[in-house]
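Single-structure report; data block below.
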Amino acid sequence: MSAESTPESGIPDESGTRGRHRAKGSRRKPRGTRRKGLLVMAWVAAGIVVLGGTGAGYVYFKLNGNIKSVDIDSALGTDRPTKVDNGSENILVLGSDTRSGSNKKLGGGTDDGSARSDTAMVVHVYEGHKKASVVSIPRDTIIDRPECTDTKGETHDAASEVMFNSAYSTGGAACAVKTVESITGIRMDHYLEVDFSGFEKIIDELGGVKVTTTKDIKDDDSHLDLKAGTHTLTGEQALGLVRTRHGVGDGSDLGRIQLQQAFIKALINQVKAIDLFGGGTKLYDLANTATRAVTTDSDLGSINKLMSFATGLKGISAANMHMVTMPVQYDPADPNRVIVEEAKAKQVWTALENDQAIPKSATEGTATGDADGVVSAP
């Protein structure tokens, strides 16, 4: 079965290293403690800062002061894929599971000052900004991590056969971008990150997101208990849905990605329905929440730049998003991990580099979860 979420064309250890080999055959089994995933959408998080006619001086400086940014370009230097000048844009979107501050209660665990990238998506916006492809990168993917320099100037050694999400925990945003560019061969034009607390608050400010579930979903670890049917999810419930691994499906990260991708489409429909770009007091509340929740690259690190970026994306609808998972197969040495299916992944990245649709053949026969169709927009 394909890893695509739509038919249109186109549990790691703390170190992130490969553990001892396990018996071949069975997939991941539920664990009492696990890292929580987080869904973020670049154009939604950025889109709600568009203020229309409400941009008075106080509003501007208030929102501008909320935005956190990191200078990834300076950290990475010139040893990067060539920027393709064809009108498209590539955005790396990360959901981080830092345990600090208000995220400790939501994420569990201890405040050890660390964080991991539990959700990673490459969002490719095509020329004309009317459609996009989203490629989810499973955090359990075994990769070779390149040497990288973080935004504090510290250099981190390359490492072989480590978890993909170790890049962020090792060197933060800059090393995550460096690793994605190494895997894909594509330059990331922008970077957006949202944490647990920010995601939950954004959903609540939106008034919740309506979804339909075809099965009961219950997961005590992610505080989620939904009966089959239609629900308007609160921020806490939405966070639980995009975190859950064992509430539905086979307990794999690939199944969770399927839930996340379905929720994205419901979220986009919600944004379109309430017209976030129409202005007003409610929009200011959303903008205040969103600008506090996101961390961006320095090119997007002001309200003017973020407004311009978001305005350019508002024409993209859920129907014009093609969502896939990076082609992978279960690791023969450890079925709790996945490895990149290089030939098929190359089809994905080549298509995006040339601003073309991802071919169906790129995801046919690849590993997938068991949660396809469980969640949808009503």
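The values are calculated or read from the model by the stated rules, or taken from the named source; none is laboratory data. Note that the structure is predicted; figures quoted are calculated from it, not measured. Counting neighbours? That spans all protein chains shown, and the Cβs are built from the backbone with ideal geometry, glycine included. SASA here: full protein model, heavy atoms, side chains in, ligands and nucleic acids out. Shrake-Rupley method; radii C 1.70, N 1.55, O 1.52, S 1.80 Å.
Applying the set (1) open to solvent by less than 30 Å² (accessible area, probe 1.4 Å); (2) modelled with pLDDT under 95; (3) over 27 Å from Ala318 (Cβ atoms) to Lys105 leaves exactly one unmet item: (1). Taken over region 342-371, the criterion of being out of contact with any Ser or Thr (no Cβ under 9 Å at 6 or more places or on another chain), more than 16 Å from Ser133 (Cβ to Cβ) and not small (Gly, Ala, Ser) is satisfied by Glu342 alone.
Applying the selection to region 302-354, what residues are of a type in the set (D, E, K, R) and crowded, with 16+ Cβ neighbours inside 10 Å?
Taking region 302-354 as the starting set, the residues that turn out to be of a type in the set (D, E, K, R) are 305, 314, 331, 334, 337, 341-342, 344, 346, 353.
Across region 302-354, the qualifying residues are Lys305, Lys314, Asp331, Asp334, Arg337, Glu341, Lys344, Glu353.
When Ala287 is tested against (1) in a helix (DSSP H, G or I); (2) open to solvent by 10 Å² or more (accessible area, probe 1.4 Å); (3) out of contact with any strand residue (DSSP E or B) (no Cβ under 8 Å at 6 or more places or on another chain), just one condition goes unmet, and that condition is (2).
Looking across region 204-220 at every residue that is within 21 Å of Leu94 (Cα to Cα) and at pLDDT 90 or above, the one that is least open to solvent (accessible area, probe 1.4 Å) is identified as Val209.
Number of residues in region 137-157 that are over 19 Å from Tyr330 (Cβ atoms), open to solvent by 20 Å² or more (accessible area, probe 1.4 Å) and in contact with a strand residue (DSSP E or B) (Cβ under 6 Å, 6 or more places away or on another chain): the value is 5.
Close contacts from region 60-73, counting a first residue that is within 11 Å of Val294 (Cα to Cα) and part of a helix (DSSP H, G or I) and a second that is open to solvent by less than 60 Å² (accessible area, probe 1.4 Å) and among the β-branched types (Val, Ile, Thr), with Cβ to Cβ under 8 Å and a gap of 6+ residues or different chains, come to Asn66/Thr291.
For every residue, the table says whether it meets (1) at pLDDT 95 or above; (2) among the small types (Gly, Ala, Ser); (3) open to solvent by 10 Å² or more (accessible area, probe 1.4 Å).
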position: Ser222; (1), (2), (3): no, yes, no
position: Leu233; (1), (2), (3): yes, no, no
position: His246; (1), (2), (3): no, no, yes
position: Asp275; (1), (2), (3): no, no, yes
position: Thr291; (1), (2), (3): no, no, no
position: Val294; (1), (2), (3): no, no, no
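The residues in region 302-346 that are over 24 Å from Glu161 (Cβ atoms) and not polar (S, T, N, Q) can be counted, and the count is 17.
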